[in-house]
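Shown next, in structure tokens, is the structure this report addresses.
The values are calculated or read from the model by the stated rules, or taken from the named source; none is laboratory data. Note that the coordinates shown come from a computational prediction; the quantities given were computed from them, not determined experimentally. Cβ placement follows ideal geometry from the backbone for every residue including glycine, while neighbour counts extend to all protein chains displayed.
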Amino acid sequence: MRIIGVLAASFLLTFASCGKEADKQTTNAVDPNAPPRFDSIDWSSETKHPVLTAQEIEKYRGVVSKFYKDFWQGTNVSGGLLVAKNGKIIFEQYSGLADVEKKTPITSETPIHIASISKVFTGLAILKLVESNKIQLDQKVNTILPTFPYPETTIRHLLNHRSGLPNYANVLWEMKLEDRNNPVTNEQVLDVFATHKVGLVRNVNTGFFYSNTNYLMLALIIEKIQKMPYPQAMKYMIFDPVGLENTFVFEYDKHNDKVSSSYGYAGTKWAWDHLDKTYGDKNIYSTPRDILKLDQAMYSDKFISKALKDEAYKGYSYESKGYKNYGLGMRLLEYENGEKLMYHNGWWHGNNTVFVHDVKNNFTVVALGNRQNKAIYSAFRLAGIHDTYPIKVPSKDSIR
């Protein structure tokens with residue numbers, strides 16, 4: 001293992017080269033009215049952050065290094081942790097194995113299943129379709145997916161989890177439609193909802209209910225509008241323009257014997273099951289460095305307009321008291337003092353993941369693990385490093 005400290009020069013070169021390579025790709029086969037790609041933009045320099053002093057870098061690195069020692073080295077985490085301030089990596093370290101049998105180590109270029117952080121990617125793709133006037137946020141879902149059986153549901157309701165749709169995994173189990181040897185597809189899930197009179201958990205737009213079904217349906221909308229499979233649409237709309245060289249949508253028949261493995265807490269390899277073909281809600285593989293690139297692009301109004309970001313990064317559910325909320329693809333903590341923190345966690349099989357997009361402090365945390373370990377979620381609390389939020393950076397002493 002090694003700590004990668006000051007990476008500004010190589011990081012800028014990576015952004016520039018990614019943009020140039022993506023700009024070379026032909027788009028002749030794509031609808032000329034497709035969302036803009038902005039391939040030639042160097043997103044790292046597009047976003048203007050204050051320059052960190054050497055003292056600031058050392059201060060932040062010291063706090064994160066202590067956290068890493070306490071909660072990663074001390075708990076046998078397998079994965080990667082990256083922390084950036086003002087777009088500059090101040091801490092980055094990897095440990096563990098992508099494949100135990102082959103003894104393949106996890107490195108900065110090892111794609112790991114990012115679980116529900118995939119919803120951030122799917123949400124951004126939908127926003128780009130909205131921005132290019134291909135769809136509208138308040139458009140009824142059944143105007144795009146004709147068999148979708150809930151006439152009041154809009155795209156916005158899917159994005160902010162106010163559709164009332166139950167989780168499709170639960171539906172398949174309750175209706176005894178599971179076949180663990182034959183993974184179900186997005187289209188098959190839609191067909192189950194369309195033909196089996198699946199009831200809503202709650203009426204549309206009456207409250208928040210987190211459901212993976214929402215983002216599975218959004219992936220189908222992307223496919224229908226872009227006239228290409230979700231994996232290719234995401235590559236065209238998000239991955240290539242942002243220069244995400246090690247990010248892709250997992251395709252079961254293509255990747256199941258090639259991707260980094262997933263393990264339980266005891267180290268047992270996690271087997272594939274009947275839900276490993278569905279996407280939109282999960283099944284994107286990426287790296288901390290690639291997610292940082294996306295994080296930086298999200299600051300730019302050229303990537304997503306300010307007006308649309310204002311719609312996306314606000315809360316929509318206030319039926320119950322509390323500070324937890326959800327925007328259009330991001331979780332939110334909205335505090336009484338007006339401060340707001342955006343983030344998204346994830347879990348799938350043995351993968352635990354964290355992405356903190358702290359706009360107030362230009363601060364980023366990405367934690368990706370492929371061996372089940374809840375200690376990974378403690379990385380979220382590194383957002384307390386600035387004292388902006390009522391969150392404290394954890395330490396061994398504070399939890400004894």
Turns out the strands (runs of 3 or more DSSP E) fully within the stretch 40-105 with at least 1 residues that are in contact with a helix residue (DSSP H, G or I) (Cβ under 7 Å, 6 or more places away or on another chain) and at pLDDT 95 or above are 79-85, 88-95
Residues of the stretch 172-202 being over 17 Å from Val141 (Cβ atoms), part of a helix (DSSP H, G or I) and touching a residue at least 24 places away in the same chain (Cβ under 8 Å), in sequence order, are Leu172
Every listed condition ((1) more than 23 Å from Gly164 (Cβ to Cβ); (2) surrounded by 23 or more Cβ atoms within 10 Å (Cβ to Cβ); (3) in contact with a strand residue (DSSP E or B) (Cβ under 9 Å, 6 or more places away or on another chain); (4) not hydroxyl-bearing (Ser, Thr, Tyr)) holds for Glu339 save (2)
Query raised in the report: Within the bounds of the stretch 268-277, is there any residue that is part of a loop (DSSP other than H, G, I, E, B), out of contact with any strand residue (DSSP E or B) (no Cβ under 7 Å at 6 or more places or on another chain) and under 20 Å from Lys374 (Cα atoms)?
Result: yes
Checked Leu341, Leu368 against criteria (of a type in the set (A, V, I, L, M) and farther than 30 Å from Asn256 by Cβ); the one match is Leu341
In the stretch 151-188, residues that are closer than 22 Å to Tyr230 by Cβ and touching a strand residue (DSSP E or B) at 6+ places or on another chain (Cβ under 9 Å) total 7
When (1) in contact (Cβ under 8 Å) with a residue 12 or more places away in the chain; (2) on the phi > 0 side of the Ramachandran plot; (3) not β-branched (Val, Ile, Thr) are applied to Lys103, the one that fails is (1)
For this session: Would you mind stating whether Leu127 is under 21 Å from Gly315 (Cα atoms), in a helix (DSSP H, G or I) and in contact with a helix residue (DSSP H, G or I) (Cβ under 6 Å, 6 or more places away or on another chain)?
Result: yes
Of the residues in the stretch 221-256 that are charged (D, E, K, R) and closer than 20 Å to Ala115 by Cβ, the one that is surrounded by the most Cβ atoms within 10 Å (Cβ to Cβ) is Lys235
Out of all the residues in the stretch 379-399, is one or more closer than 26 Å to Ser286 by Cα, exposed (fewer than 15 other Cβ atoms within 10 Å of the Cβ), out of contact with any strand residue (DSSP E or B) (no Cβ under 6 Å at 6 or more places or on another chain) and not hydroxyl-bearing (Ser, Thr, Tyr)?
no
Counting only residues in the stretch 242-258 that are within 28 Å of Ser44 (Cα to Cα) and part of a loop (DSSP other than H, G, I, E, B), the one nearest to the chain's Cα centre (by Cα) is identified as Thr247
Quick check on the stretch 150-171. Is at least one of its residues more than 29 Å from Lys321 (Cα to Cα), assigned to a loop (DSSP other than H, G, I, E, B) and in contact (Cβ under 8 Å) with a residue 24 or more places away in the chain?
no
Before we move on, is Pro35 outside any helix (DSSP H, G or I), under 24 Å from the mean Cα position of the chain (by Cα) and modelled with pLDDT under 95?
yes
Has the stretch 132-145 got at least one residue that is touching a Phe, Trp or Tyr at 6+ places or on another chain (Cβ under 8 Å), modelled with pLDDT of 95 or more and buried (at least 18 other Cβ atoms within 10 Å of the Cβ)?
-> yes
